[in-house]
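The values are calculated or read from the model by the stated rules, or taken from the named source; none is laboratory data. What you see is a predicted model; the values in this text were computed from it and never measured. Please note: Cβ atoms are built from the backbone with ideal geometry, for glycine as well, and neighbour counts cover all protein chains shown. Accessible surface is based on the protein model in full, side chains and every heavy atom, while ligands, DNA and RNA are left aside. Shrake-Rupley method; radii C 1.70, N 1.55, O 1.52, S 1.80 Å.
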Amino acid sequence: MNYFIFFGISLLFYTLTFAEPITPIPLTNSGINTQKAKLGKKLFFDKILSKDDSTSCADCHKPSHSGADNLRASFGVYHNKTNLNTSTVYNSRYNFVQFFDGRAKNLEEASKYCIESNTTMDSVSSDLIKKLNNSSYKKDFSRIYNDKIKQKYIDNAIAEYMKSLVTPNSAFDRYLRGDKSALSKSQKRGYSLFKLEGCIICHNGINVGSNLFAKFGEAREAPNSYLGKYNVSKASFDKYFLKVPTLRNISKTAPYLHDGRFDNLSDVVKFMLKYQLDKSVSQKDVNDIVAFLKSLDGETPKNAK
């Protein structure tokens, strides 16, 4: 039996029988260095990070769009178009790797990649450091890191800011903590269907996803040109394996999937049931699952703007 299928059946049986497969986001976001996060926020919104001073991190990861953007593919320096839909940075501290293909092991690596990538910011580390040294940032880095500006400090500060962008206290989290009135009947039924139909196999844990790779088109071959993890590993068995995205705040981060092909959650649910699980359900079931997904919308991070 395919390991993924075996693992999924085992997890589904266990979670339906014994354990709650999703855990709430802690109400207190601990372990943040506030001074580094403050510097990281300043950098996150500053176009100085890009080679031509045209693009900031926040241009693609918009607070107004729950840490993502509303485009199927984003635009970087020189109006270069990226080939993937922008993932939210909200709750990214809970991701087991960053990016759909897992090219970054942590938030520091993700920051470095975006700054250096020729489709996003196209900055050379030495040139960027020169620019920052000719600005007020020189004093900021000296005060906080007690050292001259280095790329690893830039990445660390931005990562510390992103760690602060969590969205606790969603209706579903309140439900998990014991407030059974936090969800409507439709949302409760949607959650039951979410588990029963098998969505929970990939979307579980604190981030309701983002803790494993899964093949895009596991049950049926799905229209897709993106090779996913293969782009990093070059191993043939990794073709079409993508990091499972978080479903938290999903109602606010359209368009959906790695290529932004869908604009509404109803279509996404139908597609994923068909191609990942080889299932089809009634429109009422779809509506209830969507209602459940909307219960995952948490509070806007205090440090988002």
Rounded to whole Å, sorted largest first: equivalent-ellipsoid semi-axes of the stretch 101-236, Cα gyration tensor: 39, 25, 10
Lys, Arg +1 and Asp, Glu -1 on Cβ, resulting dipole of the chain about Cα centre, debye, nearest 20: 560 debye
Rounded to whole Hz, the Karplus (6.51, -1.76, 1.60) HN-Hα couplings of the stretch 166-180, x for glycine and proline: 10, 10, x, 6, 5, 4, 5, 5, 5, 4, 5, 7, x, 8, 5
Amide H contacts of Phe241 (H built 1.01 Å from N, under 5 Å, at least 5 apart or other chain): Phe216, Lys229, Tyr230
Computed E for Glu109/Asn231 - FRET, C-beta separation, R0 22 angstrom, nearest 0.05: 0.90
Accessible-area value, Ser142, 1.4 Å probe, nucleic acids and ligands omitted, Å²: 60 Å²
The chain, helix-only ellipticity at 222 nm - DSSP H runs n ≥ 4, -39,500 (n - 2.57), divided by all residues, nearest 500: -11500 deg cm²/dmol
Quarter of Cα convex hull surface for the chain, i.e. mean projection, nm²: 16.1 nm²
Semi-axes of the equivalent ellipsoid for the stretch 134-177, Cα gyration tensor, largest first, Å: 36, 9, 8
5 angstrom amide H check on Thr55, placed H, neighbours 5+ away: Ser50
Most to least packed among 124-136, 215-227 [average Cβ atoms within 10 Å]: 215-227, 124-136
Packing-based ranking, highest mean first, of 26-32, 152-158 given that Cβ atoms within 10 Å are counted: 152-158, 26-32
FRET efficiency, Arg220 to His79 (Cβ-Cβ, R0 30 Å, nearest 0.05): 0.25
Gained length - Asp278 relative to Val124, 0.36 nm times residue gap less alpha-carbon distance: 50.8 nm
Exposure ranking of Tyr137, Tyr145 by accessible area [1.4 Å probe, largest first]: Tyr145, Tyr137
Residues with amide H under 5 Å from that of Phe262, placed H, sequence gap 5 or more: Tyr256
Student exercise, the stretch 233-287 dipole from Lys, Arg, Asp, Glu Cβ charges, in Debye to nearest 20: 120 debye
Three semi-axes of the equivalent ellipsoid, the stretch 168-230, Cα gyration tensor, whole Å, largest first: 30, 14, 9
Charge dipole of the stretch 174-235 about the Cα centre (unit charges at C-beta), most positive-ward option of Asn204, Ala235, Ala222: Asn204
Portion, in percent, of the accessible area of the chain that falls on carbon or sulfur, probe 1.4 Å: 54 percent
Heavy-atom accessible area per residue - the stretch 153-283, 1.4 Å, Å²: 41 Å²
Fraction in percent of alpha-carbon pairs per bin - 10 Å, the stretch 157-295: 11, 38, 34, 15, 2
In order through the stretch 255-268: 3J(HN,Hα) via Karplus (6.51 cos²θ - 1.76 cosθ + 1.60), integer Hz, x for Gly, Pro: x, 10, 6, 5, 10, x, 6, 10, 9, 9, 5, 4, 5, 5
Quarter of Cα convex hull surface for the stretch 228-304, i.e. mean projection, nm²: 6.7 nm²
Antiparallel DSSP beta bridges within the chain, percent to nearest 5: 90 percent
